[in-house]
Amino acid sequence: MSITLITVLFGIAVFWILMYLLFGRNPEEKEEGLEVDGIVAMWRTKRLLGFIEGLARRYRRFWGIYGDVGIVLGFAGMAFVFYMLFKTAMKTVTSRGAAAGVQLVIPGVTIPLWYGLIGLAVVLVVHELSHGVVARADGIPLKSVGLVLFLVLPGAFVEPDEDAINRAPLRKRLRVYGAGSMANIVTALVALLIINLAIAPLLQPNGIQVAGVIPGSPADGVLQKGDVIVGIDGHQITTVEGFMRFMNTTKPEQVITLQILRGGKETEVRIKLKEHPERPGKGYIGIYPAQSVKSKIGGESAVIPLFFTLYWIYVLNIGIGLMNLFPLVPLDGGKMLDDVVKEYLPERVARPVRYATIGVALFLLALNLLPAFRNLLG
């Protein structure tokens with residue numbers, strides 16, 4: 001274990017010890033302020049409730065339609081996510097080299113630090129705000145809003161009155177549960193629209209950025225995260241599509257020469273390919289490719305960061321928004337399915353159905369997370 005990692009872990013431990021000593025010895029739940037329980041810190045406030053109330057009251061009819069669309073989107077997204085994770089889980093079982101179906105979202109580790117933090121902040125704000133506004137539009141009171149920190153993972157929440165939401169009709173409950181992912185998907189589409197209409201015309205591709213290197217692959221120890229591939233065997237490579245087309249022409253054991261940019265300087269490296277784990281007979285290099293771009297009009301210090309900010313807002317909102325519809329409590333998709341099962345099936349049937357769903361969902365999630373943890377730990 002490296003000294004840097006030990007220092008980080010020590011700092012985290014000291015932080016939580018101090019947090020518990022200062023704020024964690026009050027056994028009663030607070031309506032406002034900071035509360036610490038183990039490695040979970042929650043800060044509650046009522047100050048934003050008026051803002052949420054105003055939005056809900058002014059556009060009540062719109063939020064009703066919005067919530068109904070969220071129900072339809074919620075169940076459609078639930079089926080889609082379940083199918084995709086099932087498909088990827090089968091690949092994990094049958095192929096040792098299968099990619100992770102669920103990627104770990106850790107700013108600075110698995111995603112860029114600042115773009116990741118901005119993207120996650122947008123995910124949390126629009127998700128929880130949407131929950132709160134739809135709840136108030138349907139007459140469900142809110143107790144508080146706030147921020148949460150679980151070990152090192154930040155979050156946000158809107159806290160409806162539990163008794164009121166449990167007494168609400170099924171349709172209203174489903175509206176509230178589906179509203180969060182609805183907001184994330186709408187936000188992702190808006191970001192994508194801005195990218196395509198306003199930002200993309202200002203950019204041009206200039207190579208393939210190595211977003212990550214798969215441990216044990218041919219690229220391991222040769223390429224580095226952040227390298228930009230601009231050519232292979234003398235052929236100019238500018239787009240991900242061009243890179244994939246070239247790789248589809250390669251064979252196992254073939255040696256290729258890459259022209260790369262590293263630290264602003266161009267250099268060459270040679271890699272001996274292996275057989276692709278999912279495409280027999282094709283060459284395998286073992287990187288996560290991402291599109292590298294440059295500005296057509298200059299001003300790259302503003303244009304490029306804006307592009308990547310919007311890109312990560314899109315990626316994280318669509319990914320987390322859909323994943324939140326996975327049918328596993330406490331995710332919103334799990335709550336939606338759970339409430340429908342309890343509403344329409346007798347208890348003697350509903351209970352085993354719920355337990356079976358939880359078991360299958362946990363099994364699929366574990367299979368999809370296994371490659372991600374394997375890649376993270378090397």
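We did not get these values from a lab; they are worked out from the coordinates using the rules stated. This one's a predicted model, so the numbers in the text were calculated from it and none came from an experiment. Note that each Cβ is placed from the backbone with ideal geometry, even for glycine, and that neighbours are counted across all protein chains shown.
What FRET efficiency would be calculated for the residue pair LYS342, ALA366, taking the C-beta separation as r and a Förster radius of 30 Å, to the nearest 0.05?
0.70
Around LEU203, which amide H atoms from residues at least 5 apart in sequence, or from another chain, sit under 5 Å from its own amide H, with H modelled in the peptide plane?
For LEU203, the qualifying residues are LYS296.
Could you tell me the largest-minus-smallest coordinate of the C-alpha atoms of region 104-178 on each of the three principal axes, in descending order and whole angstroms?
Computed over the Cα atoms, the extents are 43, 20, 17 Å.
Starting with the highest mean, order 132-144, 154-166, 254-266 by the number of other Cβ atoms within 10 Å, averaged over the residues of each peptide.
132-144, 154-166, 254-266
Obtain the nm distance between the two label points defined at PHE51 and ALA13 by a simple spin-label model: each point lies 7 Å from its Cα along the Cα-to-C-beta direction.
About 3.9 nm separates the two model spin labels.
Take the Cβ-Cβ distance between HIS235 and ALA121 as r, set R0 to 30 Å, and report the resulting FRET efficiency rounded to the nearest 0.05.
Efficiency computed from Cβ-Cβ geometry: 0.15.
Determine, at each q value in 0.07, 0.12, 0.13 (inverse angstroms), the log₁₀ of I(q)/I(0) that the Debye formula gives when each Cα of the chain is one equal point scatterer.
Cα-only, vacuum Debye calculation for the chain: -0.40, -1.11, -1.24.
Using helices alone, I'd like the mean residue ellipticity at 222 nm for the chain: each DSSP H run of four-plus residues gives -39500 (n - 2.57), total over residue count, nearest 500.
About -18000 deg cm²/dmol.
So how far apart, in nm, are the two label points at GLU300 and LYS282 if each is 7 Å from Cα heading toward Cβ?
The two pseudo-label positions are separated by 3.1 nm.
For the chain, give the magnitude of the charge dipole about the Cα centre (Cβ charges: +1 Lys/Arg, -1 Asp/Glu; no others), in debye to the nearest 20.
Working: 37 positive and 29 negative charges, 125 e Å.
Computed charge dipole of the chain: roughly 600 debye.
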